[in-house]
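The values are calculated or read from the model by the stated rules, or taken from the named source; none is laboratory data. As the structure is a computational prediction, the values presented were derived from the model and not from experiment. Using ideal geometry, Cβ is built from the backbone for each residue, glycine included, and neighbour counts are taken over all protein chains shown. Only protein heavy atoms, including side chains, enter the accessible area calculation; ligands, DNA and RNA are left aside. Shrake-Rupley method; radii C 1.70, N 1.55, O 1.52, S 1.80 Å.
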Amino acid sequence: MDIDAVVGDVGSFDPELLQLPELSPFALKASPQIAEDLYAQWLSLPQTGRLVKSLIDDATAGIPINALGNSSSANAAGSNSLPSMFQAGSTPPLSPRSSSGSPRFSKLKTSPSSLRSPLKVFYFQNGRPPPKELQEHCLSRINDLFGGHMDGLQLHEFKLVTKELCKLPTFFSSAIFKKIDTSCSGIVTRDAFVRYWVDGNMLTMDTATQIFKILKQSDSNYLTQVDFKPILLELVATHPGLEFLHGTPEFQERYAETVIYRIFYYINRSGNGRLTLRELKRGNLIAAMQHADEEEDINKVLRYFSYEHFYVIYCKFWELDTDHDFLIDKENLIRYGNHALTYRIVDRVFSQIPRKFTSKVEGKMGYEDFVYFMLSEEDKSCEPSLEYWFKCIDLDGNGVLTPNELQFFYEEQLHRMECMAQEPVLFEDILCQIVDMIAPEREDYLTLADLKGCKLSGNVFNILFNLNKFIAFESRDPFLIRQEREDPTLTEWDRFAHREYIRLSMEEDGENASNGSVEVWDESLEAPF
């Protein structure tokens with residue numbers, strides 16, 4: 001049956017039966033869901049059901065259908081058809097071309113089977129059901145895995161289902177199990193799994209959509225940080241590379257939190273804490289999850305899950321948090337990176353211009369806020385970092401960086417160089433260097449698009465407020481250049497985290513400044529100016 005035949009049945013459509021206010025064409029165009037709701041409500045009316053049935057019967061019998069959609073059986077039904085909006089004989093005339101070239105009439109002349117096909121697309125709101133062959137193969141595999149467990153599977157027996165049937169990381173087992181076992185019985189039966197995975201069309205969804213539906217709350221269309229907590233805790237509890245954490249629950253929590261913060265830093269591009277399906281699909285999180293599930297050494301999963309990366313972040317925070325209240329103030333942060341940052345940029349960070357703090361304590365930065373800061377500071381080549389620091393430098397918030405704004409931040413750098421007997425570089429020369437490096441669309445200001453279009457953009461921010469990295473960039477440290485050439489796939493963050501983990505592990509093993517180990521690392525990476 002053809003939908004157009006039903007929709008075109010203006011003579012059988014009574015807006016009063018819908019009991020909805022009249023809507024303008026503009027409102028319907030702006031909100032297509034309204035039109036769908038109207039149509040769905042019209043279809044639910046008993047008169048509509050009788051009309052549609054009569055139309056199908058006539059089409060099957062080969063009886064012609066007139067322009068109003070009134071068939072012989074419909075006319076015979078009399079009062080069973082919906083009342084017409086027009087008086088008899090007052091129906092608007094059809095276009096002269098409609099009798100021969102109208103798409104409506106050409107569709108009505110097709111076979112009954114083709115008339116029924118459009119309804120399949122309309123009614124499968126949650127996706128098209130799986131092909132018969134795929135469904136049969138899946139059901140066969142379900143029977144194999146649930147065979148011998150007539151009462152169903154317990155949670156510890158469900159991992160094979162997650163891996164073999166769902167093709168998802170094993171640390172999703174608890175999340176899927178709880179989605180199915182809504183009554184908290186501790187058992188998932190074969191029929192319950194079939195209803196959720198096969199009948200619910202999860203089988204035909206792409207992996208990102210499956211994960212999104214599994215993790216999100218039923219009344220939400222986005223993911224929050226809390227939604228990721230269960231799978232991260234299961235990862236910590238089951239991954240062989242994190243087994244050593246089992247005796248320290250507090251660090252299990254910290255590791256899980258840090259991974260979640262990193263996920264939202266890179267993937268939640270809107271920065272609102274609400275991760276959409278589109279953002280999930282555009283990111284590389286799914287591949288990282290699969291990698292974490294397959295790789296026994298968690299430190300080889302550089303995206304999000306590396307324990308070494310967590311260790312570096314947490315230790316840096318702990319070093320700065322001198323009173324260990326899990327909060328950092330301006331004076332704490334100014335010590336970051338051997339006092340590499342200027343007071344002016346630290347003030348901008350604490351003004352919460354680049355990102356609102358989650359600590360809820362006046363003048364204090366929490367651990368999550370520090371994670372965002374540190375990721376931005378140590379890898380200025382990624383887009384989240386460029387956006388973070390662009391907001392800091394954009395004093396008037398007009399979306400462009402003018403020479404005056406650049407000079408405001410560089411003045412403190414210049415003063416620091418003079419105080420430490422470094423050869424000062426005048427701002428005029430710096431400005432020319434920045435313009436040559438970025439090649440902006442206009443030379444009188446820089447835009448975020450200009451910075452994102454240049455691989456050297458991160459150096460602009462180092463020039464303006466990180467003296468150690470500015471001098472390292474000017475001196476073209478051969479050690480760093482060699483590292484970049486050896487493995488160009490590693491990010492600035494990957495290289496920094498690796499160096500810092502070695503340094504921190506040396507300190508923990510007792511190889512401290514007495515034997516020169518720390519000085520070697522500091523001199524080669526960030527000179528202690």
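Restricting to segment 397-420, name every residue that is among the acidic types (Asp, Glu) and more than 25 Å from Pro440 (Cα to Cα). Selection gives Glu418 alone. Based on what the data block shows, is Trp389 assigned to a helix (DSSP H, G or I) and either buried (at least 20 other Cβ atoms within 10 Å of the Cβ) or touching a residue at least 24 places away in the same chain (Cβ under 8 Å) (or both)? Taking the combined requirement at face value, the residue satisfies it.
The sole residue among Ala449, Ala472, Ala421 that is over 36 Å from the mean Cα position of the chain (by Cα) and among the small types (Gly, Ala, Ser) is Ala421. Test Lys229 against the stated conditions and say whether it is at pLDDT below 95 and either surrounded by 18 or more Cβ atoms within 10 Å (Cβ to Cβ) or within 30 Å of Tyr311 (Cβ to Cβ) (or both). Taking the combined requirement at face value, the residue does not satisfy it.
Residues in segment 335-376 that are open to solvent by 40 Å² or more (accessible area, probe 1.4 Å) and assigned to a helix (DSSP H, G or I): Asn338, His339, Tyr343, Arg344, Asp347. Filtering Leu153, Leu203 for residues that are under 31 Å from the mean Cα position of the chain (by Cα), open to solvent by less than 50 Å² (accessible area, probe 1.4 Å) and farther than 24 Å from Ile298 by Cβ leaves a single hit, Leu203. Out of Lys167, Lys216, one residue alone is surrounded by fewer than 16 Cβ atoms within 10 Å (Cβ to Cβ), under 28 Å from Glu279 (Cβ atoms) and either at pLDDT 95 or above or of a type in the set (Lys, Arg) (or both). It is Lys167. Within segment 248-298, restricting attention to residues that are of a type in the set (Val, Ile, Thr) and at pLDDT 95 or above, the residue that is farthest from Glu383 (Cα to Cα) is Ile298. Within segment 365-379, residues that are without any contact (Cβ under 8 Å) to a residue 40 or more places away in the chain have Cβ atoms under 6 Å from residues that are crowded, with 20+ Cβ neighbours inside 10 Å and among the aliphatic types (A, V, I, L, M) in these pairs: Met365/Ile328, counting only partners at least 6 apart in sequence or on another chain. For segment 396-441, residues that are in contact with a strand residue (DSSP E or B) (Cβ under 9 Å, 6 or more places away or on another chain) and assigned to a loop (DSSP other than H, G, I, E, B) total 4. Only a single criterion out of (1) within 25 Å of Ala472 (Cβ to Cβ); (2) touching a residue at least 12 places away in the same chain (Cβ under 8 Å); (3) open to solvent by 20 Å² or more (accessible area, probe 1.4 Å) is not satisfied by Leu406, namely (3).
Close contacts from segment 434-457, counting a first residue that is without any contact (Cβ under 8 Å) to a residue 24 or more places away in the chain and a second that is open to solvent by 80 Å² or more (accessible area, probe 1.4 Å), with Cβ to Cβ under 6 Å and a gap of 6+ residues or different chains, come to Val435/Glu443; Met437/Leu456. Among the conditions (1) closer than 13 Å to Phe370 by Cβ; (2) open to solvent by less than 40 Å² (accessible area, probe 1.4 Å); (3) in contact (Cβ under 8 Å) with a residue 40 or more places away in the chain; (4) out of contact with any strand residue (DSSP E or B) (no Cβ under 7 Å at 6 or more places or on another chain), the only one that Asn332 does not satisfy is (3). So, in segment 309-329, of the ones that are of a type outside the set (A, V, I, L, M, F, W, C) and under 10 Å from Tyr501 (Cβ atoms), which residue ends up least open to solvent (accessible area, probe 1.4 Å)? My answer is His309. Among the numbered conditions (1) more than 30 Å from the chain's Cα centre (by Cα); (2) farther than 27 Å from Asn468 by Cβ, the only one that Lys330 does not meet is (2). Scanning segment 184-210 for residues that are more than 15 Å from Leu165 (Cβ to Cβ) and either in a loop (DSSP other than H, G, I, E, B) or among the aliphatic types (A, V, I, L, M) (or both) gives Cys184, Ser185, Gly186, Ile187, Asp206, Ala208.
Among residues of segment 164-179 that are in contact (Cβ under 8 Å) with a residue 24 or more places away in the chain and part of a loop (DSSP other than H, G, I, E, B), those with a Cβ under 6 angstrom from a residue that is open to solvent by less than 40 Å² (accessible area, probe 1.4 Å) and not small (Gly, Ala, Ser), sequence gap 6+ or separate chain, pair up as Leu168/Thr162; Pro169/Met289; Pro169/Asp293.
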